[in-house]
Structures are given as structure tokens and as C-alpha cells.
Amino acid sequence: MDFDEIKSHIIKYQEEGKKLFTTSSFQTHSIVLLHLLSRIDKSIPVYCLNTGFLFPETMAYKDQLAEEFGLNMIEIKPDVPKSLQKDSEGKLLFASDPDRCCYYNKVQPMDRLLSDYDIWINGIRRDQNANRAKMKVEEKSKFDSVRFHPMLEWTNKMIFDYIREYKLPKHPLESQGYSSIGCEPCTRKPSLEMMEREARWYGMNKTECGLHTELVSK
């Protein structure tokens, strides 16, 4: 979808009285959707799922984008404190049970949002992994909400052409070789043969946090 198509969809949702929000991982490839939305309606809430494990560089980048784009930025934190996110041996869950860690820190907080909103504007792309390749532009989610995927057909080249055209700032860790940047304990630099998401949860047979698997209704 191009800018005009995305704008048309958003205006249609708003005219129907739908409540819209978006979330962001605040990576370089995420910045395009945020910039597009800032050109359409700066009042749309942008939620940061602050897991408590994000890189300091990601948090600084988030603040930079909020200021430069004039975004309505809101942080949301998990209900379960870090002191309780441990297994029976006392290990933090990101090391022993990453699915449970993602549930506490990402999926559960998103449940609260989806119960309050109608449309989740989501920046996933088909070329990121096999799961996302199967998605449609609109997908049903929990609580009768709808996931809207305006970036679904965008490619890496389109993303970086847009960034270059509008001279948008890049995530500071990108220059150090990171491409898919999530929580610090579960992110590594990718090798050349990896797909974009394969450097996340490396060696754990896991490429999704649950936001794009558990929060899709089939």
C-alpha cells in the first residue's frame, strides 16, 4: 500500500467511529510506518511495549522519534514484575522459557490494549519470516478487534528507499551490525545467510514473540 491508500484506510476507519492505535518495536525498519502515520494523524496513540529488557539505544531512539515526528507516545509495562519472572530454579524466564517471558512482557499487555481499541495498525511485512508471509492486510484479532497491516507488501528496498528519501534517523545499533532488534538478552547480530528475524532468540527455534501468532484469530 502506498501513502494515499494507507491514509484512505485510516480515514475510513475513523469515519466509522473506530478507535485506532499502533505499536512499534522502534527499529530502523519500523520508522517508516511511524513517519507515515505522523503525516496522516499525529494523534493516533503509539504504544511502546517496555519490557524492561530493551536496549538503552532503543529507548533513546524512541524518544528521538517521538520528538521529531510529534508522536502521541505511550509506554505500557507488564503486569508481572521482573522479580516474579523466574522458573522453579530461579532463572529469569528469557533464559529458560522465552515463550512465557514474551507472554508476560508483550502478549499480556497487548490484551489490555486490544480490549480498548478497534483497529491495531501493525507494521509487519511478508518478507520478514514464513509466518508473516501468510498474513492478509486485515486480520481478525482478540475482542473483535482488527489488525491492519499497511506495510505488508513493502520490501527492505522500499523501506530503505523511503528512509533515504525523507532522511530519517536510523537506530544507533544498526551501524554495529544489528538488523532485527528486540530485547537485549534475546538479540544477536545476524550472519549474512540469516533472514531478518533469525537473529532473535538465536538457537531456540523461535522467531516470534507471540504478538503475531497468539493475537491473530483464525
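The values are calculated or read from the model by the stated rules, or taken from the named source; none is laboratory data. Note that this is a predicted model, so its numbers are computed, not measured. Counting neighbours? That spans all protein chains shown, and the Cβs are built from the backbone with ideal geometry, glycine included. These accessible areas exclude ligands, DNA and RNA; they are computed on the full protein's heavy atoms, side chains included. Shrake-Rupley method; radii C 1.70, N 1.55, O 1.52, S 1.80 Å.
Tabulated values for the structure
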{"quantity": "The chain, relative contact order [Cα under 8 Å, separation at least 6], %", "calculated": "23"}
{"quantity": "Considering only the chain, percent of DSSP beta bridges that pair antiparallel, nearest 5", "calculated": "30"}
{"quantity": "Loop-located trypsin sites (Lys or Arg not before Pro) in the range 1-36 whose Cβ has at most 16 other Cβ within 10 Å (DSSP)", "calculated": "LYS18, LYS19"}
{"quantity": "Calculated FRET value between ALA60 and LYS134, using beta carbons and R₀ = 22 Å, to 0.05", "calculated": "0.05"}
{"quantity": "Between the range 71-106 and the range 151-187, the Cα center-to-center distance that results, in Å", "calculated": "25"}
{"quantity": "Per residue accessible area in Å² of the chain, where ligands, DNA and RNA are left out and the probe is 1.4 Å", "calculated": "49"}
{"quantity": "Ranked by how many other beta carbons lie within 10 Å on average, peptides 27-33, 132-138 from highest", "calculated": "27-33, 132-138"}
{"quantity": "Distant alpha-carbon pairs in the chain (separation over 25 angstrom), percent", "calculated": "37"}
{"quantity": "The chain - percent of accessible surface contributed by carbon and sulfur, probe 1.4 Å", "calculated": "50"}
{"quantity": "Solvent-accessible area of SER96 with every protein chain in place, 1.4 Å probe, in Å² to the nearest 10", "calculated": "50"}
{"quantity": "CD proxy at 222 nm, helix term only [per DSSP H run n ≥ 4: -39500 (n - 2.57); per residue of the chain; nearest 500]", "calculated": "-8500 deg cm²/dmol"}
{"quantity": "FRET efficiency estimate (nearest 0.05) - Cβ-Cβ, ASP116 to SER83, R0 30 angstrom", "calculated": "0.65"}
{"quantity": "Qualifying GluC sites (Glu not before Pro) in the range 1-47, DSSP loop, other Cβ atoms within 10 Å at most 12", "calculated": "GLU16"}
{"quantity": "Net charge, ILE44 excluded, C-beta distance under 13 Å - Lys, Arg +1, Asp, Glu -1", "calculated": "+3"}
{"quantity": "Out-of-range pairs (alpha-carbon distance over 20 Å; input LYS7/LYS42; LYS91/LYS142; LYS62/LYS86; LYS77/LYS106; LYS77/LYS136; LYS19/LYS142)", "calculated": "LYS91/LYS142; LYS62/LYS86; LYS77/LYS136"}
